[in-house]
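Here the structure is laid out as structure tokens; the discussion comes afterwards.
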Amino acid sequence: MTAITNDPATRPLATLGVILVGAGSGTRLGADVPKAFVELHGRSLIEFGIGVVTSLPHTGHLTVVIPEARAAQTLALVDEILPRDSSWTVSVVAGGRERHESVRFGIAALPDSVDTVLVHDAARPFASAELFERVAAEVRRTGDAVIPALPVSDTLKRVDADGVVHETVDRAPLVAVQTPQGFRREVLEAAHSARPDEPGDTLPTDDAEVVQRAGARVRTVPGELRAHKLTTAEDLPILEYFLTANVIGLEVEA
Ligand SMILES: Nc1ccn([C@@H]2O[C@H](COP(=O)(O)OP(=O)(O)OP(=O)(O)O)[C@@H](O)[C@H]2O)c(=O)n1
Ligand SMILES: C[C@](O)(CO)[C@H](O)COP(=O)(O)O
């Protein structure tokens with residue numbers, strides 16, 4: 001299923017592509033709707049994501065990946081958010097069972113003119129426009145894959161299945177990584193189409209791992225706290241705080 005809201009063929013050439021993945025079910029959150037459709041102060045996560053991407057000052061194409069049953073709702077949202085004269089075109093596609101499949105379906109919906117692709121989790125609704133720009137600029141400057149990263153601030157321990165500690169892990173070379181993650185289109189496309197689910201393979205949890213397994217170099221840029229991911233119910237008050245304390249520049253009532 002690919003539903004295109006405003007046909008890229010009728011628009012200027014797109015060079016930046018963004019894939020907003022929101023097709024997960026949100027098992028760890030346990031909400032009664034798919035996680036991307038959970039609302040914060042009356043707006044869903046997918047709405048925040050569509051808003052920030054289509055505000056970027058680029059000619060670009062956004063592919064929104066959602067559960068198939070949410071296609072009509074998502075198309076209506078895009079119609080509502082996107083100005084008629086936007087420099088962005090948008091398509092809406094159904095996702096797969098695993099995140100990497102959803103990304104693959106998203107890649108397939110990008111117009112040929114896209115040369116740089118950012119993949120972003122709908123579950124990180126408050127990643128800033130500056131972060132998208134930082135990642136895209138570094139991909140274009142270096143040609144490498146680029147991911148936002150934050151230093152780890154806790155002491156790290158390796159534990160076994162019973163929770164017994166075996167060792168302290170040196171945290172100096174470790175970082176926690178976020179999205180948007182950026183790639184040259186051909187690198188992302190080739191890595192995802194080659195990526196087999198080999199027996200015994202662990203599933204890749206991000207796209208940097210997919211391209212790295214295919215031999216690409218991945219570099220980091222500074223991430224940001226506000227790009228925090230909604231994973232469990234404990235993350236909800238953190239995102240609420242970002243909204244009500246006006247950290248993200250959207251005024252809402254506390
Ligand atoms: N089959 C999938 C799985 C995940 N995602 C997206 O990938 C992002 C990161 O995934 P995660 O936070 O793990 O979301 P869920 O898979 O929904 O969460 P859970 O593992 O708790 O079910 C989310 O925006 C999610 O919607 C997706 O598009 N398609
Ligand atoms: C892609 C990601 O958000 C980078 O931190 C993360 O790997 C998603 O992981 P999840 O366990 O599937 O939420």
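The values are calculated or read from the model by the stated rules, or taken from the named source; none is laboratory data. These numbers come from a predicted model, not from an experiment. Positions of Cβ are generated from backbone atoms using ideal geometry, with glycine treated the same way; all protein chains shown enter the neighbour counts.
Before moving on, here are some points about what is shown:
- Flag for residue 92 being touching a residue at least 24 places away in the same chain (Cβ under 8 Å), within 16 Å of ligand 2 (Cβ to nearest atom), surrounded by 12 or more Cβ atoms within 10 Å (Cβ to Cβ) and of a type in the set (A, V, I, L, M): no
- Some residue of the stretch 61-69 being farther than 13 Å from residue 18 by Cα, of a type outside the set (Asp, Glu) and surrounded by fewer than 23 Cβ atoms within 10 Å (Cβ to Cβ): yes
- Members of the stretch 166-184 that are within 21 Å of residue 56 (Cα to Cα) and either touching a Gly at 6+ places or on another chain (Cβ under 7 Å) or assigned to a strand (DSSP E or B) (or both): 178, 181, 182, 183, 184
- Close pairs (7 angstrom Cβ cut-off, 6 or more residues apart or separate chains): assigned to a strand (DSSP E or B) in the stretch 217-228, among the β-branched types (Val, Ile, Thr) and surrounded by fewer than 17 Cβ atoms within 10 Å (Cβ to Cβ) anywhere: 219/142; 220/175
- Qualifying positions in the stretch 15-57 - more than 9 Å from ligand 1 (Cβ to nearest atom) and in contact with a Phe, Trp or Tyr (Cβ under 8 Å, 6 or more places away or on another chain): 18, 40, 44, 48, 52, 53, 54, 56
- Within the stretch 235-246, residues that are surrounded by 14 or more Cβ atoms within 10 Å (Cβ to Cβ) sit with their Cβ atoms under 7 Å from residues that are assigned to a helix (DSSP H, G or I), at 6+ positions apart or across chains, in these pairs: 242/226.
- Of the strands (runs of 3 or more DSSP E) entirely within the stretch 62-165, those holding at least 3 residues that are of a type in the set (A, V, I, L, M, F, W, C) and within 16 Å of ligand 1 (Cβ to nearest atom) occupy 88-94, 116-121.
- The stretch 185-216 - residue that is outside any loop (DSSP other than H, G, I, E, B) and more than 25 Å from residue 15 (Cβ to Cβ) and, of those, modelled with the highest pLDDT: 209
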